[in-house]
1. Compute the distance in nm between two label points, each set 7 Å from the Cα along the Cα-to-Cβ direction, one at D:Ile70 and one at B:Asp227.
2. By average Cβ neighbour count within 10 Å, what is the ranking of D:73-79, C:92-98, D:157-163 from highest down?
3. Between the label point of B:Tyr93 and that of the same position in each other copy, find the distances and list them shortest first in nm, with every label point placed 7 Å from Cα along the Cα-to-C-beta direction.
4. Give the nm distances, rounded to one decimal, from C:Thr27 to the matching residue in every other copy, measuring between label points 7 Å along Cα toward the beta carbon; shortest first.
5. Starting from the Cα gyration tensor of region A:74-185, take the square roots of the eigenvalues, sort them a ≥ b ≥ c, and report rounded, prolate or oblate (rounded when a/c is under 1.5, otherwise prolate if a/b is larger than b/c, else oblate).
6. Using r as the Cβ-Cβ distance of A:Ala254 and C:Ile127, and R0 as 51 Å, what FRET efficiency do you calculate, to the nearest 0.05?
7. Any idea what the A:Phe212 label distances to the other copies are, label 7 Å down the Cα→Cβ vector, nm, shortest first?
8. What number comes out for the charge environment of C:Met111, summing +1 per Lys or Arg and -1 per Asp or Glu over other residues with Cβ under 15 Å away?
There are 4 protein chains.
Amino acid sequence: MEGISLYYLPYHVNVTIVFKGHALPGTFFIIMGIWWTIKCILKYACKKHKRTSYLGSKALFQRIEIFEGIVIIGMAITGEWTISVFWPHLALYDYKEGQWVELLSWHHFTMYFFFGLLGVANVLCFIINSLPTSLTKLMLSNALFVEAFVMYNHTHGREMLDIFVHQLLVLAVFVAGLIAFLELFIRTNITVELLRTSCILLQGSWFWQIGFVLYPPSGGPAWDAMDHDNIMFLTICFCWHYALNLIIIGMIYAFVAWLVKSRLQRFCPSEVGLLKNAEREQESEEEM
Amino acid sequence: MEGISLYYLPYHVNVTIVFKGHALPGTFFIIMGIWWTIKCILKYACKKHKRTSYLGSKALFQRIEIFEGIVIIGMAITGEWTISVFWPHLALYDYKEGQWVELLSWHHFTMYFFFGLLGVANVLCFIINSLPTSLTKLMLSNALFVEAFVMYNHTHGREMLDIFVHQLLVLAVFVAGLIAFLELFIRTNITVELLRTSCILLQGSWFWQIGFVLYPPSGGPAWDAMDHDNIMFLTICFCWHYALNLIIIGMIYAFVAWLVKSRLQRFCPSEVGLLKNAEREQESEEEM
Amino acid sequence: MEGISLYYLPYHVNVTIVFKGHALPGTFFIIMGIWWTIKCILKYACKKHKRTSYLGSKALFQRIEIFEGIVIIGMAITGEWTISVFWPHLALYDYKEGQWVELLSWHHFTMYFFFGLLGVANVLCFIINSLPTSLTKLMLSNALFVEAFVMYNHTHGREMLDIFVHQLLVLAVFVAGLIAFLELFIRTNITVELLRTSCILLQGSWFWQIGFVLYPPSGGPAWDAMDHDNIMFLTICFCWHYALNLIIIGMIYAFVAWLVKSRLQRFCPSEVGLLKNAEREQESEEEM
Amino acid sequence: MEGISLYYLPYHVNVTIVFKGHALPGTFFIIMGIWWTIKCILKYACKKHKRTSYLGSKALFQRIEIFEGIVIIGMAITGEWTISVFWPHLALYDYKEGQWVELLSWHHFTMYFFFGLLGVANVLCFIINSLPTSLTKLMLSNALFVEAFVMYNHTHGREMLDIFVHQLLVLAVFVAGLIAFLELFIRTNITVELLRTSCILLQGSWFWQIGFVLYPPSGGPAWDAMDHDNIMFLTICFCWHYALNLIIIGMIYAFVAWLVKSRLQRFCPSEVGLLKNAEREQESEEEM
């Protein structure tokens, strides 16, 4: 079965593969989004209580970054491996047929490859001291922009609904990349970082939604790709995904803030409270 | 009369409902625009006279923010309630007919929901101390971007004039959202905040204009949706709305500045005057 | 001859009017562009020699700003007056014919009106002390964005060449507005200001080019509006206009720098030289 | 053979000329991209070891900048010269035929001219002390934007594949110009500069790719300009070019960092090490 294309497989197998093809990156982005949200809130909370637990947290965060990089590399390799399972011979051009082979899979491969580079940069940055730490942000921005670019050119010649759901995905990815890009230029605060993670969560859950819309796993009929009402519904569905993600981030915030507070108060209740009030006032002044 | 659509109602009722559907958000945005203008100028004037009346104004502003949040939540709930009055059963999909129900109303609902989140964030931010105060700005930016996104996808398959007036609305909303987004990154000054409120005022008055153009309340004939001259006129009409809003903001500025000056001079005339001159010179230097 | 339209006039008169309609704003923008270039370079040179001539230059610049504001108001009124000369009755809608009257003239009127607001803001800002000085930058940005918006909607239903030359104009105006907008957010340097004035000069000279392309004053035949080669040529013509403007700005820079240097060296040669070197070194360090 | 057009030449000569027309700028951009990468990393490494070798490196960098400017001017003149070799009479308009002559060559000429201005600015900036050093960044941004503008208008009326590969080129050029433009406003770090050089390297290698796609030098048949698969492939090909350029930049970084470290450690091993650690910690704190 050399050079077999997905399009020659029976419908059921095809649906399963493509649904997984959307569910897998969706799951990865949801995991990374939640993890980055937690890390970002933890850093914010620890920074507020800087003087009490400085040295410990610093070495800890460095180890966490390296671990994060390894996990990202693992995800990228898993993603590339799932592609090659259904696609045994790494051929790009079929000289016999005179046509390109599996271009859509190569698209996914390219996307995973840039996230793999992000993982490598993450590991290198915290092992080698002389590298600038903003390198990880650069690679994240690059990975997201490349993903948006690939996804934008993923749907040439498909139907309206298919193009629309991918365009919404590109929107979420591009905004996440734009924020990471702006973070390169300007010193940012926790709000901007949470905005970025909310966009990454959004793309994760939207990947799942695309899977359900285009390849219903229940085996039911696909959506009518030419119905304007479906597009109108998906517009608000996208907004509801975002609202849900914002609420999830809010709940994570509440949980992490409570955790940090309760654990720190056990050791040094009075001092932290004083520091917090002082910092809080200073911040409010700046904000005003 | 389950699942009744607006389009089955007699023309007169339909016009009234849809005109109100544009007049209500228009009124909300005008009120919020004027209020934010006043608050922003008040803060600027109070900051100039910081040392004389610092403690009092700070607690006052905190209470004002909470009140503002409650008002925004009230507006969002009112908006959602007016939709459901004409639309009794909160159904999204009619399984008998096999089609979506009231998608345009759900669009408005989504829009109001995100402004409701802004109100909640406003209240939470000034009750809970550990939350970053830039959260309200983030939620404002989100609410405006979601509104622009929904409005942009609101007019699939309608006529040229209808699309054009909604595009101008999207322009005003998007610019307001963009400024709020940039305010997240960069410490801003009063000019930028007034620019944002002017865009919000503009969208408020433009909502009214849309109501008059698409559903003339006088009962007269609707505008010719295919006439290029109408589009040419609405282009300059949009600019005149903006010019009018700028003049209104200028008048509010003059009034508030006069009020603050006259009230402060009664208590401590000499000191404030000196401070003002000193600060003014420093500022001019920076600007040069 | 009530409500007479330009389109009913004989061809020769029409050409003269419309050529003047492009030549007049073109001349205004060239004058303002050159003036802002000179002012900006003068300020830069004076700031470098700050300590030696501080007090004198400051009062001088304030008077210059007020004068500049009055000149801009004068230009705006002149522009509006030239429109109304050929257009005696300030009517917007002809109820007898049931159609809009002179919409293109009202477009120009709107454009001039916003530049008039810029002039008013310029005067007010330097008379009233409590106004933030960034207000003039805001009004400049507004005036340019409104001009770009009006010009973009100026050519509905015209021919390809006509639309293309106006699009290039919109590009120049929009970039100038964007730079003025960014200057609101970020403290800028002389390079950015010169970039903005170069865009304003570009739009001035491009207004003239539009006049020559669309309404050749020699009375020769108009350009072929459907020839792709004409568009290809106008693309590079636009770049050459820009190159010429850059060279003119360079020459102004050389002249003003020489003037300031020669006049200052007469009074205090040694001290200035020392200051300059010290500042220069500091700057180079920062740039590196 | 007056006014001879490329299109009248035999196919083989035509292919050679046009392939060279893409290979020459491609080579220039690759050389400049690699050189800027090296310079930028060298500066970063030298800045880290500032105190030990400050005076020497400063004068050196100034001389390097002047040399760089001369090289850029040389490249621009070479580029313009290769055009005029195949195009003897510098005519723009053929009055006999009544049509424009060699507009595509004039496009290339304009592009080279702005890079020539960049070279001139580079030389002037480091000879004349009173010029702001950000002028070179402005001229780089201008040159790149003009190139993007010209390339965007280069393909009126051509085929889909031709337009697509040029659009990707415009994307790379525009992003490089945008980063240079943002660098005017905001103090940047090494990561942003490396991002810019990676975009310049990308456009260099993509120029070569365009040459191979549109005018295969092997003399084989051209690509099918209407095949969607070709566009799909070129999308990922563009990403792979970028990935390759990132890896090349990483290798340059490693080599230069090793070179600087090994040469500096020979002279002052202990002191530098201490400084590095101190700076590193400070930086990490800021990043956190």
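The values are calculated or read from the model by the stated rules, or taken from the named source; none is laboratory data. Nothing here was measured: the structure is a model prediction, and the numbers come from that model. For neighbour counting, all protein chains shown are included, and Cβ atoms are generated from backbone atoms with ideal geometry for every residue, glycine included. Each accessible area value is taken on the protein alone, full model and side chains, heavy atoms only, with ligands, DNA and RNA left out. Shrake-Rupley method; radii C 1.70, N 1.55, O 1.52, S 1.80 Å.
1. Using points 7 Å along Cα→Cβ, the separation is 7.0 nm.
2. On the way: D:73-79: 17.3, C:92-98: 9.6, D:157-163: 14.7.
The packing order, highest mean first, is D:73-79, D:157-163, C:92-98.
3. 4.6, 4.6, 6.5
4. Listed shortest first, these distances are 5.2, 5.2, 7.4 nm.
5. On the way: a/c = 2.83, a/b = 1.42, b/c = 2.00.
Since a/c reaches 1.5 but b/c is at least a/b, the shape of region A:74-185 is classed as oblate.
6. Numbers: r = 52 Å, r/R0 = 1.02.
For A:Ala254 and C:Ile127, the calculated efficiency is 0.45.
7. 4.4, 4.4, 6.3
8. On the way: positive: none; negative: C:Glu80, C:Glu102, C:Glu147.
Cβ neighbours under 15 Å give a net charge of -3.
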